[in-house]
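A short worksheet on the structure shown next.
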Amino acid sequence: MENTKYSKVYRLMHWAIAISFLLLLLTIFLRLTWLNKVNVAAIIKDYLTGTEQNLSQDQLITLAKKIRKPMWDWHIYIGYVLVGLFSIRFILPAFGTMKIQNPFGKNLSTKMKLQKWTYLIFYVCVIVSLITGLIIEFGPKEFKKPMEEIHVLGIYYLIAFIVIHLAGVLIAEFKDQKGIISRIVSGSKDKD
């Protein structure tokens with residue numbers, strides 16, 4: 001199997017995109033768990049019970065949303081970063097760097113075709129997520145709800161891709177591409 005050497009640009013883009021996705025997942029995880037609006041509203045309600053103050057459930061939810069807004073703003077900022085990174089990612093092939101995966105190559109094994117299709121599907125899903133996110137932020141209000149419904153599906157492909165990607169890298173490392181992990185980190189193969 002061919003041992004690919006990864007350029008500095010490739011490694012920088014790979015890790016910048018990977019870290020951005022992990023940070024996005026963190027904001028989603030927080031929003032769905034500890035900083036869930038219902039959980040935060042319940043904490044506020046419990047606190048207010050001991051102070052003889054009362055808020056309606058709607059007021060509690062509104063306050064909870066305001067408390068978690070700065071965290072959710074980071075989701076949006078990271079989304080902007082990803083728009084920039086993916087724009088660069090798709091411009092780089094014009095300069096001969098980071099070629100787009102081509103699953104139609106005649107000399108490709110079934111495994112290589114599957115890998116390349118996986119990346120292309122991932123890229124399409126990311127582009128859909130980024131476009132729907134931008135429409136949610138900047139588009140007409142009547143598009144917000146349907147775009148949110150599409151946008152939230154992104155967590156499923158993202159988690160699936162991360163699991164498939166990590167499993168594939170580990171399998172490659174221990175089977176036919178020893179040193180792939182060190183090459184994507186440092187650019188060169190580990191010395192045995």
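The values are calculated or read from the model by the stated rules, or taken from the named source; none is laboratory data. Fair warning: this is a prediction, and the values are worked out from it, not measured in the lab. Every residue, glycine as well, gets a Cβ built from its backbone with ideal geometry; the counts of neighbours run over all protein chains shown.
Below is a table of values for the structure above.
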{"item": "Options T118, T110, T132: the member that is among the hydroxyl-bearing types (S, T, Y) and loosely packed, with under 12 Cβ neighbours inside 10 Å", "result": "T110"}
{"item": "The stretch 130-147 residues that are over 18 Å from L82 (Cα atoms), paired with ones that are aliphatic (A, V, I, L, M) and surrounded by fewer than 17 Cβ atoms within 10 Å (Cβ to Cβ) (beta carbon under 6 Å, 6 or more apart)", "result": "none"}
{"item": "Tally of residues being within 19 Å of L153 (Cβ to Cβ) and either aliphatic (A, V, I, L, M) or part of a loop (DSSP other than H, G, I, E, B) (or both) across the stretch 106-126", "result": "4"}
{"item": "Boolean, E137 is modelled with pLDDT of 95 or more, among the acidic types (D, E) and either over 19 Å from L22 (Cα atoms) or surrounded by 14 or more Cβ atoms within 10 Å (Cβ to Cβ) (or both)", "result": "yes"}
{"item": "Candidates K69, K111, filtered to the one that is basic (K, R) and more than 30 Å from N36 (Cα to Cα)", "result": "K111"}
